[in-house]
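Student: The structure that follows is given in the form of structure tokens.
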Amino acid sequence: MKSLAELQAIRDKARMQVGLRSEGNAEFRVQVGMATCGIAAGARPVLNAFVEEAAKRGLQNVMITQTGCIGICQFEPVVEVINTKDGSKVTYVKMTAEKAVRVVNDHLVNGNVVTEFTIGANS
Amino acid sequence: MRELALNVMDITQNSISAGATLIHITVEENTGKDRLSIAVEDNGCGMTEEQVKSVIDPFYTTRTTRKVGLGVPLFKMEAEMTGGSFRIDSEKGKGTKLLAEFVPSHVDMIPLGNITDTVFLLITCNPSLDFVYRRVKDEAEFVLDTRELREILGEDAPLNSPEVTQWLKGYLEEQTQIVEGGNSI
């Protein structure tokens with residue numbers, strides 16, 4: 001059973017590690033399209049997979065967020081991975097939860113873009 | 001939409017784009033009266049009376065990337081086709097409240113679906129916003145207020161840090177299960 005008391009333990013642990021990370025220091029920003037088109041196409045399981053996989057691996061350098069419709073509804077669920085260091089962006093299309101796990105492992109952890117899921121390979 | 005919970009996610013995005021800092025999401029079920037109500041209330045920029053009238057029009061949208069806005073009209077249709085009702089109250093500068101009522105036993109009722117995932121993702125992906133999630137089923141009630149979590153966590157552990165998201169997911173799932181009593185609609 002999870003309790004609010006556990007949160008205090010999490011806070012205390014975080015306090016000890018506070019020197020190790022700072023907000024805004026994220027190396028990757030993952031943006032999942034969560035407008036009506038994205039959600040209807042199945043964006044929620046994709047977003048969930050990113051959040052869960054990143055949490056499972058304890059990735060501190062990744063920020064997962066959502067964005068609106070970027071105008072390519074036929075390619076939804078769309079995920080953009082932005083490298084905050086150099087500003088480069090990779091757009092993944094027609095994503096699924098399984099593909100999301102691979103993007104976390106290959107791209108976010110090991111730095112290798114999963115080319116076969118990108119918009120370039122799917123249009 | 002396959003689940004009403006997906007509509008909630010969609011509708012809440014409107015609150016987020018309206019610049020809300022506090023969003024109330026309430027899912028209330030009354031099995032005796034055969035009613036399920038979903039309310040989303042925000043303190044965002046609100047709408048004028050004219051805008052309120054036009055949001056239920058699928059061909060109205062403030063966005064520029066496409067010409068249709070289906071979120072609100074879909075939600076309204078889903079409520080009304082079960083014999084339920086739908087209303088929006090909004091005041092410019094104050095915020096918007098949207099309330100949809102459903103009749104769960106109706107043949108056209110779309111299942112509520114995984115509302116826990118919806119709330120979980122809304123919280124973890126908008127760590128700077130506050131949410132109050134209230135889930136009621138008959139006599140049972142569960143309330144999660146991110147302002148309370150924030151108070152416990154302080155500055156050092158943001159709501160989207162890995163440890164907190166894992167805790168939050170488990171907490172939401174367990175508490176929701178207690179309220180739903182294992183047989184959700």
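Student: Please determine, by comparing only the residues of the stretch A:41-72 that are over 16 Å from the mean Cα position of the chain (by Cα) and at pLDDT 90 or above, which one is nearest to B:P162 (Cα to Cα).
Tutor: Step by step, filter the stretch A:41-72, then rank; the result is A:A41.
Student: Just for strands (runs of 3 or more DSSP E) wholly inside the stretch B:86-185: which have at least 3 residues that are surrounded by fewer than 18 Cβ atoms within 10 Å (Cβ to Cβ)? Write out each step before concluding.
Tutor: Working: elements: B:95-102, B:130-137, B:140-145.
Because the criterion is at least 3 residues that are surrounded by fewer than 18 Cβ atoms within 10 Å (Cβ to Cβ), the strands (runs of 3 or more DSSP E) in the stretch B:86-185 that meet it are B:130-137, B:140-145.
Student: Restricting to the stretch A:45-74, count the residues that are over 21 Å from B:L70 (Cα atoms) and either among the basic types (K, R) or part of a strand (DSSP E or B) (or both).
Tutor: 6
Student: Are any residues in the stretch B:9-27 surrounded by fewer than 18 Cβ atoms within 10 Å (Cβ to Cβ), under 24 Å from A:P45 (Cα atoms) and not β-branched (V, I, T), and if so, which ones?
Tutor: B:S17
Student: I'd like to check something: does the stretch B:57-72 contain any residue that is under 19 Å from B:R134 (Cα atoms) and buried (at least 20 other Cβ atoms within 10 Å of the Cβ)? Working first, answer last.
Tutor: Filtering the stretch B:57-72 down to residues under 19 Å from B:R134 (Cα atoms) leaves none.
Within the stretch B:57-72, not a single residue is under 19 Å from B:R134 (Cα atoms) and buried (at least 20 other Cβ atoms within 10 Å of the Cβ).
Student: Look through B:D57, B:D10 and report the one residue that is touching a residue at least 12 places away in the same chain (Cβ under 8 Å) and outside any loop (DSSP other than H, G, I, E, B). Steps first, please.
Tutor: Numbers: B:D57 fails: outside any loop (DSSP other than H, G, I, E, B).
None of the others qualify; the one that does is B:D10.
Student: Just need a number here: residues in the stretch B:90-106 that are modelled with pLDDT of 90 or more and either among the acidic types (D, E) or within 15 Å of A:A35 (Cβ to Cβ) (or both).
Tutor: 1
Student: Every residue in the stretch A:43-74 that is facing chain B (nearest Cβ under 9 Å), among the small types (G, A, S) and surrounded by fewer than 24 Cβ atoms within 10 Å (Cβ to Cβ), please.
Tutor: Selection gives A:A55, A:G58, A:G68, A:G71.
Student: Report, by residue number, each residue of the stretch A:108-123 that is farther than 17 Å from A:E76 by Cβ and touching a residue at least 40 places away in the same chain (Cβ under 8 Å).
Tutor: A:L108, A:V109
Student: Shifting gears a bit: Of B:M77, B:M81, which residue is within 14 Å of chain A (Cβ to nearest Cβ), over 20 Å from A:G33 (Cβ atoms), surrounded by fewer than 17 Cβ atoms within 10 Å (Cβ to Cβ) and modelled with pLDDT of 90 or more? Please lay out each step first, then the result.
Tutor: Working: B:M81 fails: within 14 Å of chain A (Cβ to nearest Cβ).
Every option except B:M77 fails the conditions.
Student: Ok, one more. Mind listing just one residue for me: the one in the stretch B:63-74 that is closer than 19 Å to A:G71 by Cβ and in contact with a helix residue (DSSP H, G or I) (Cβ under 8 Å, 6 or more places away or on another chain) and, of those, modelled with the lowest pLDDT? Working first, answer last.
Tutor: Looking only at the stretch B:63-74, we keep the residues that are closer than 19 Å to A:G71 by Cβ, and these are B:63-71.
Now narrow it down to the ones that are in contact with a helix residue (DSSP H, G or I) (Cβ under 8 Å, 6 or more places away or on another chain): B:66, B:69-71.
Numbers: B:R66: 61, B:G69: 70, B:L70: 81, B:G71: 86.
Among residues in the stretch B:63-74 that are closer than 19 Å to A:G71 by Cβ and in contact with a helix residue (DSSP H, G or I) (Cβ under 8 Å, 6 or more places away or on another chain), the one modelled with the lowest pLDDT is B:R66.
Student: Checking B:M47 against (1) in a loop (DSSP other than H, G, I, E, B); (2) buried (at least 19 other Cβ atoms within 10 Å of the Cβ); (3) within 14 Å of chain A (Cβ to nearest Cβ); (4) of a type in the set (A, V, I, L, M, F, W, C), which test does it fail?
Tutor: Among (1) in a loop (DSSP other than H, G, I, E, B); (2) buried (at least 19 other Cβ atoms within 10 Å of the Cβ); (3) within 14 Å of chain A (Cβ to nearest Cβ); (4) of a type in the set (A, V, I, L, M, F, W, C), the lone unmet condition for B:M47 is (3).
Student: Is it fair to say B:T48 is hydroxyl-bearing (S, T, Y), over 20 Å from A:T36 (Cβ atoms) and touching a strand residue (DSSP E or B) at 6+ places or on another chain (Cβ under 9 Å)?
Tutor: Numbers: hydroxyl-bearing (S, T, Y): yes; over 20 Å from A:T36 (Cβ atoms): yes; touching a strand residue (DSSP E or B) at 6+ places or on another chain (Cβ under 9 Å): yes.
So B:T48 passes the test.
Student: Let me ask something else. Taking the stretch A:75-112 on its own, how many of its residues are surrounded by fewer than 17 Cβ atoms within 10 Å (Cβ to Cβ), in a loop (DSSP other than H, G, I, E, B) and on the phi < 0 side of the Ramachandran plot?
Tutor: Selection size over the stretch A:75-112: 7.
Student: How many of the residues in the stretch B:1-43 are of a type in the set (G, A, S), within 17 Å of B:L99 (Cβ to Cβ) and more than 10 Å from chain A (Cβ to nearest Cβ)?
Tutor: Restricting attention to the stretch B:1-43, the residues satisfying the condition of being of a type in the set (G, A, S) are B:5, B:15, B:17-20, B:32, B:37, B:39.
From what's left, within 17 Å of B:L99 (Cβ to Cβ): B:5, B:15, B:18, B:20, B:37, B:39.
If we keep only those that are more than 10 Å from chain A (Cβ to nearest Cβ) too, we end up with B:15, B:18, B:20, B:37, B:39.
Result for the stretch B:1-43: 5.
Student: For the stretch B:109-129, state whether one or more residues are closer than 26 Å to A:I39 by Cβ, more than 10 Å from chain A (Cβ to nearest Cβ) and of a type in the set (D, E, K, R).
Tutor: Taking every residue of the stretch B:109-129 in turn, none turns out to be closer than 26 Å to A:I39 by Cβ, more than 10 Å from chain A (Cβ to nearest Cβ) and of a type in the set (D, E, K, R).
The values are calculated or read from the model by the stated rules, or taken from the named source; none is laboratory data. These figures come from a predicted structure and were not determined experimentally. Here the Cβ is made from the backbone with ideal geometry for all residues, glycine too, and neighbour counts use every protein chain on show.
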